[in-house]
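Presented below is the structure to which this report refers.
The values are calculated or read from the model by the stated rules, or taken from the named source; none is laboratory data. No experiment lies behind these values; they were computed from the predicted model shown. With ideal geometry, Cβ positions are generated from the backbone for all residues, glycine too; neighbour counts draw on all protein chains shown. In case anyone asks, the SASA skips ligands and DNA or RNA and just uses the protein heavy atoms, side chains included. Shrake-Rupley method; radii C 1.70, N 1.55, O 1.52, S 1.80 Å.
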Amino acid sequence: MIYETIEELMIKAQAAEGKTFGEIDNTGRIKNLRSKGTLGNIIEESYFGYEVNSVSKPDFENLGVELKVTPFKKNKNGTYSSKERLVLNIIDYMKEFKLTFETSSFMSKAAKMLIMLYQHEPDVELNDYRIFKAFLNEFSEEDLAVMRRDWEIIVTKIKNGEAHLISEADTMYLSACTKGVNKSSVRQQPFSPIVAKQRAFSLKASYMTGLIRKYLTPEHMECLSKPGELNTKTLEEILNERFLPHYGKRVDVLCQEAGIKYNPANKSMIPHLMTKLLGVTRNDIDQIEEFSKANIKFKTIRREPDGKIREHMSFTNIDFDTLIEENWEDSDLFNMFSEQKYLFLVFRFTEKYQKGLKRVPYFEGIKLWNMPQETIEGELYDLWAETRRIVSEGVQLVPKGNRVNNNLPGSKFNRICHVRSKAQDGDDKVRLPDDQWITKQGYWLDKEFIQKILDKR
């Protein structure tokens, strides 16, 4: 069926709200649970009455509208978030670099999208999932400005013969996710003989979460940028401008100026202080709209007077049972560093460390960083693979005094990342797959590696 106007299309789409996929399906597709994209295909075929296809043009070509059926989930705290990134179209490395952003395959496909949301519920049968909301999405000027820069970052890597080094974490809202059955899903690139993983333009799950909340909840996140500011400046430039007047000031002085109690033992003090310095009312940096949509997490770094860092940087705890069952590209470790950016908030002490000396650092600066794809596929993969091998074979636990040593990859493993204890105390333990008990362990980045990142500023 041809829909003559967008209004006519939206009346049809919104009439599906509240209907289950079982009610909509008239082809029996719902029974083929292994079919990828089953639910989207049901909407295309049974509801809108056109054949399932994978052409590069929008689904409703005469209206320039692409159809996307995507899941969201309800979190324990009552908020909504996207269950996954929104995958758009395969990137043809041999053609994309010849295009402009306006004529790009991304814009040809996604400038106008009819998005139909359904709620993912683990214990509900697929045919009982319901269409929750249907809306037409057109990107704001600010979001398009960010996506233009994202597209340019991806295309620049293609032009430099580095399509094999593209990472989702390179960009803010628009990313190039891996898309293929397995590692053998590769493509030729124009300026290098090295084959690159097949990738597709996609909207990050974090960006989709912001979009979903916009349509499902009355309360919207607070923006850091002023109207139109992202059209001409990057987020890092905006952050530096906001923070610049505060560089060089001691943290206790900044707290006094911001009307916050200085209490270094309070873990929420720094994020609360940073939001005050940025001029937003939120108490948590993660709740700022641009941070949320770009999947930016913050990390606090304290440097000694000579610039060195005393402590390694911790990340997620290791789930050992999951570790020995998961594949690399489905692993928590891979997804964390391939999809996230980090805002390093850098502080520096003026006095040398002495046990018992209470030191107050000053605010030195910021660094927006993501792990390069070479490091992800190199040292990070090596850490994951070696940890998985040791856990599968059985961790060696050797009591030594009041400690228990183990043979998991330590800080000398590759000078970039390692495994070490991430427990409250010696009694804070988890069970290993072989039924031994070990203090909770986590993934860490080496302090020397972090120091090199900061010294590149």
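What the table shows:
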{"quantity": "Charge sum, other residues only, whose C-beta stays under 10 Å from Glu325's C-beta, Lys/Arg counted +1 and Asp/Glu -1", "calculated": "-3"}
{"quantity": "Cα-projected label distance for Tyr50 with Ala258, points at 7 Å along beta-carbon direction, nm", "calculated": "5.0"}
{"quantity": "Relative pair counts by distance (%), Cα atoms of the range 95-239, 10 Å bins", "calculated": "10, 33, 33, 20, 5, 0"}
{"quantity": "Candidates per trypsin sites (Lys or Arg not before Pro) in the range 253-287, loop by DSSP, up to 15 other Cβ within 10 Å", "calculated": "Lys261, Lys267"}
{"quantity": "Beta bridges by DSSP in the chain, antiparallel share as percent, to the nearest 5", "calculated": "75"}
{"quantity": "Dipole of the chain [Lys/Arg +1, Asp/Glu -1 at C-beta], most positive-end residue of Asn406, Phe135, Gly210", "calculated": "Asn406"}
{"quantity": "Alpha-carbon centroid distance for the pair the range 150-205 / the range 306-381, whole angstrom", "calculated": "24"}
{"quantity": "Convex hull projection area averaged over all views, the range 66-115, Cα basis, nm²", "calculated": "4.5"}
{"quantity": "Percentage relative contact order, the range 95-141, counting C-alpha pairs under 8 Å, at least six apart", "calculated": "36"}
{"quantity": "The chain: Rg to Rh, with Rh as the Kirkwood radius over Cα pairs", "calculated": "0.99"}
{"quantity": "Å² of accessible area per residue within the chain, as computed with a 1.4 Å probe and no ligands counted", "calculated": "51"}
{"quantity": "Ranked by how many other beta carbons lie within 10 Å on average, peptides 299-306, 112-119 from highest", "calculated": "112-119, 299-306"}
{"quantity": "Whole-angstrom gap from the range 410-425 to the range 62-122, using each part's C-alpha centre", "calculated": "38"}
{"quantity": "Sequence-distant residues sharing a close amide H with Leu67 (under 5 Å, placed H)", "calculated": "Asp59, Phe60, Leu114"}
{"quantity": "Neighbour cut-off at most 15 other Cβ (10 Å), DSSP loop, GluC sites (Glu not before Pro), the range 271-378", "calculated": "Glu311, Glu351"}
{"quantity": "Convex hull projection area averaged over all views, the range 1-90, Cα basis, nm²", "calculated": "7.2"}
{"quantity": "Assigned charges on the beta-carbon of Lys, Arg, Asp, Glu; the chain dipole about Cα centre (debye)", "calculated": "1820"}
{"quantity": "Selection from His418, Phe48, Phe320 lying farthest towards where the dipole of the chain points positive, charges on Cβ", "calculated": "His418"}
{"quantity": "Dipole-positive endmost among Cys223, Leu114, Met94 within the chain (Cβ charges, Cα centre)", "calculated": "Cys223"}
{"quantity": "Residues listed by number, the range 326-364, amide nitrogen under 18 Å from Glu241 label point at 7 Å toward C-beta", "calculated": "none"}
{"quantity": "For the range 306-457, Kirkwood radius (reciprocal of mean inverse C-alpha pair distance, Å)", "calculated": "17.1"}
{"quantity": "Extension reserve of the Thr316-Lys183 stretch, reckoned as 0.36 nm per residue once the Cα distance is removed", "calculated": "45.3 nm"}
{"quantity": "Protection proxy ranking, peptides 76-82, 154-160, average beta carbon neighbours within 10 Å, highest first", "calculated": "154-160, 76-82"}
{"quantity": "Candidate lysines - alpha carbon under 27 Å from Lys276, same-chain residues fewer than 8 apart omitted", "calculated": "Lys214, Lys226, Lys233, Lys249, Lys261, Lys267, Lys293, Lys297, Lys299, Lys341, Lys358, Lys367"}
{"quantity": "The chain - percent of accessible surface contributed by carbon and sulfur, probe 1.4 Å", "calculated": "47"}
